[in-house]
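Below: one structure, written as structure tokens.
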Amino acid sequence: MSVKLKLPGSLNIQARPNKMLLFVFGWMLIHFSGHAQIIEEPAITSLMDRWKAYNLEHTEIQGWRIQIMASVDRRQMETARRTFENRYPEYPVIFIHNEPYFHLKVGAFLSMQKAQAFLKKMQHDYPQAIPVTDVLKTEELLLYDQ
């Protein structure tokens, strides 16, 4: 069975019904594609604006780092820092002094699993290294948490 279809603009199409249906659907899709309108309730818009403002103000979150060492001897910590920077120059080291300890940490991860995966890369050089919780800046996550 064949159907003859006459469209405006003197375009004649002769096709089977399933091909004609496919053509009409495709023509409608192309014709109406630029005319969609999304209506958002004011409460949703307000909530999204508040969430955006909150995230712009709060740039620190709870996460994980790898603690390479903790020592009361500053010279020992500085030596370990230089050694780490020579072995892994692409990863910045964080030095923290919480009286009486000096902590040497690296990394910024949202999950402990990602921190442990990073720890495996350096565990042969630093067998005493452990994952620890810490406050992270969101910019740091771009380097490590992928």
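The values are calculated or read from the model by the stated rules, or taken from the named source; none is laboratory data. Only a predicted model underlies this, so the values are computations on that prediction, with no experimental measurement involved. Ideal geometry is used to build each Cβ from the backbone, glycine not excepted, and the neighbour counts take in all protein chains shown.
Each row is one residue, and each column tells you yes or no for (1) of a type in the set (F, W, Y); (2) under 21 Å from the mean Cα position of the chain (by Cα); (3) farther than 30 Å from L56 by Cβ.
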site: E78; (1), (2), (3): no, no, yes
site: Y88; (1), (2), (3): yes, no, yes
site: G107; (1), (2), (3): no, yes, no
site: Q116; (1), (2), (3): no, yes, yes
site: H124; (1), (2), (3): no, no, yes
site: P131; (1), (2), (3): no, yes, no
site: V135; (1), (2), (3): no, yes, no
site: T138; (1), (2), (3): no, yes, no
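Restricting attention to the range 119-146, and to residues there that are part of a helix (DSSP H, G or I) and at pLDDT 90 or above, which single residue is farthest from M77 (Cα to Cα)?
So, considering only residues that are part of a helix (DSSP H, G or I) and at pLDDT 90 or above, the one farthest from M77 (Cα to Cα) is K120.
Pairs please, first residue from the range 59-79 and within 18 Å of T133 (Cβ to Cβ) and of a type in the set (S, T, N, Q), second anywhere and at pLDDT below 90 and in a helix (DSSP H, G or I), Cβ atoms under 8 Å, 6+ apart in sequence or on different chains.
T59/T138; T59/E139
Return yes when F102 is part of a strand (DSSP E or B), surrounded by fewer than 18 Cβ atoms within 10 Å (Cβ to Cβ) and among the aromatic types (F, W, Y) and no when it is not.
Considered against the rule, which asks whether it is part of a strand (DSSP E or B), surrounded by fewer than 18 Cβ atoms within 10 Å (Cβ to Cβ) and among the aromatic types (F, W, Y), F102 comes out as no.
Filter the range 60-117 down to residues that are closer than 16 Å to E140 by Cβ and among the charged types (D, E, K, R), then give me how many there are.
5
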